[in-house]
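One structure is given below, encoded as structure tokens.
The values are calculated or read from the model by the stated rules, or taken from the named source; none is laboratory data. Note that this is a predicted model, so its numbers are computed, not measured. Every residue, glycine as well, gets a Cβ built from its backbone with ideal geometry; the counts of neighbours run over all protein chains shown.
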Amino acid sequence: MALSAEFEAHLRTGATTVCRCWHVQRRDGVAHGFTDYDTALAFDGMVFVPDAGLTAKALEQTTGLAVDNTEAVGVLSDDSLSEADILAGRFDGAEVRAWLVNWAEPAQRILQFRGSLGEIQRSGGAFRAELRGLAEALNQPQGRVYQAPCTAILGDASCGVDLNAAGYATTETVEHVEGRKLFRFAALDGFDDRWFEKGRLIVETGGAAGIVSIIKNDRLSGEGRVIEVWEAIRAEIVPGDMIRLEAGCDKRFETCRLKFLNQLNFRGFPHIPGEDWLMAYPSSADDNSGGNLKR
């Protein structure tokens, strides 16, 4: 949004009625609006409330590829940014937009920042959040890596596996949970042992709804099934909550071919020589003609 002639004229008067408004959109779709003005404002279908006590430091912007950055400081409350939601990771990577607004005429505004939430720190009933500009995405590794394991993420566009197909996922009721990390089931034997290992556990109902965790261990025995996640669920989860378990992939060509029947979409190089071959040296007692490396 460009600076309108009316808003520019207002800013040039020197006696302005401006404030900042922030829109925070979580990855699960929940949105929050904040303003440092003392009365709620509304535009673009969003209400920006003042009771969260959100303020911001100076915004650093450049014309090059450096990342625009700033910080937002606010008060933790149950109605907006709660400590429980931050601990649960619900605001990790949330999209942020910030406007400079004429509170006397909200139609006069300009978008000053767009990016995402970075590191969030909590202390003394308040929070401090790092804001990262759109250029942050340019710091992420791009392109393919020449390596034996597959570089695709199971179920993404380059992989092509449909995790909603029969046999690749199941929705279950939590029967017994220990430390928000260990899940026990009396009868979940429709899948092979370790089938869900390296897969995802997605909480669908209850206080932890929307949280995703990676499965560390999946063991099937005559006594039932035990599934352990790498990191404890960062919100309350109790028996009766519904969870979705998705099959895991260890990135090996054999797994892609036998478990998912998806070898044509394998995104690795399974036949490259290993480190032992690269470090080998000639010996008069061995065949040094090269031989067939694909065995």
Which numbered condition trips up residue 110, out of (1) under 19 Å from residue 136 (Cα atoms); (2) at pLDDT 80 or above; (3) in a strand (DSSP E or B)? (1)
Test: residue in the stretch 118-131 that is part of a helix (DSSP H, G or I), over 16 Å from residue 34 (Cα atoms), under 16 Å from the mean Cα position of the chain (by Cα) and among the charged types (D, E, K, R): no
I'm told residue 238 meets every condition in (1) in contact (Cβ under 8 Å) with a residue 60 or more places away in the chain; (2) surrounded by 14 or more Cβ atoms within 10 Å (Cβ to Cβ); (3) within 18 Å of residue 88 (Cα to Cα) except one. Can you identify the failing condition by its number? (2)
Where a residue in the stretch 21-49 is in contact (Cβ under 8 Å) with a residue 60 or more places away in the chain and its partner, wherever it lies, is surrounded by 17 or more Cβ atoms within 10 Å (Cβ to Cβ) and polar (S, T, N, Q), with Cβ under 8 Å and at least six apart: 21/35; 22/35; 41/35
With the requirement that a residue be in contact with a Cys (Cβ under 7 Å, 6 or more places away or on another chain) and either crowded, with 21+ Cβ neighbours inside 10 Å or of a type in the set (Ser, Thr, Tyr) (or both), what does the stretch 99-116 give you? 99, 101
When you scan the stretch 143-157, how many residues do you find that are on the phi > 0 side of the Ramachandran plot and touching a residue at least 24 places away in the same chain (Cβ under 8 Å)? 1
Just to be sure before I move on: is residue 285 in the same structural domain as residue 180 (by TED's automatic domain parsing) and either more than 23 Å from residue 165 (Cα to Cα) or buried (at least 18 other Cβ atoms within 10 Å of the Cβ) (or both) in the structure I sent? no
For the stretch 34-52, state whether one or more residues are at pLDDT below 80 and either buried (at least 19 other Cβ atoms within 10 Å of the Cβ) or not assigned by TED's automatic domain parsing to the domain that holds residue 208 (or both). yes
Return only the number of the condition from (1) among the aliphatic types (A, V, I, L, M); (2) outside any loop (DSSP other than H, G, I, E, B); (3) under 23 Å from residue 210 (Cα atoms) that residue 163 does not satisfy. (2)
How many residues of the stretch 209-237 are of a type outside the set (Lys, Arg), at pLDDT below 95 and either touching a helix residue (DSSP H, G or I) at 6+ places or on another chain (Cβ under 6 Å) or over 27 Å from residue 152 (Cα atoms) (or both)? The answer is 8
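Mind counting the residues in the stretch 70-91 that are in contact with a strand residue (DSSP E or B) (Cβ under 7 Å, 6 or more places away or on another chain) and either surrounded by fewer than 17 Cβ atoms within 10 Å (Cβ to Cβ) or modelled with pLDDT of 60 or more (or both)?
Final tally of qualifying residues: 11.
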What residue, of 224, 210, 206, 179, is surrounded by fewer than 13 Cβ atoms within 10 Å (Cβ to Cβ), out of contact with any Gly (no Cβ under 7 Å at 6 or more places or on another chain) and either over 26 Å from residue 257 (Cα atoms) or not assigned by TED's automatic domain parsing to the domain that holds residue 84 (or both)? 179
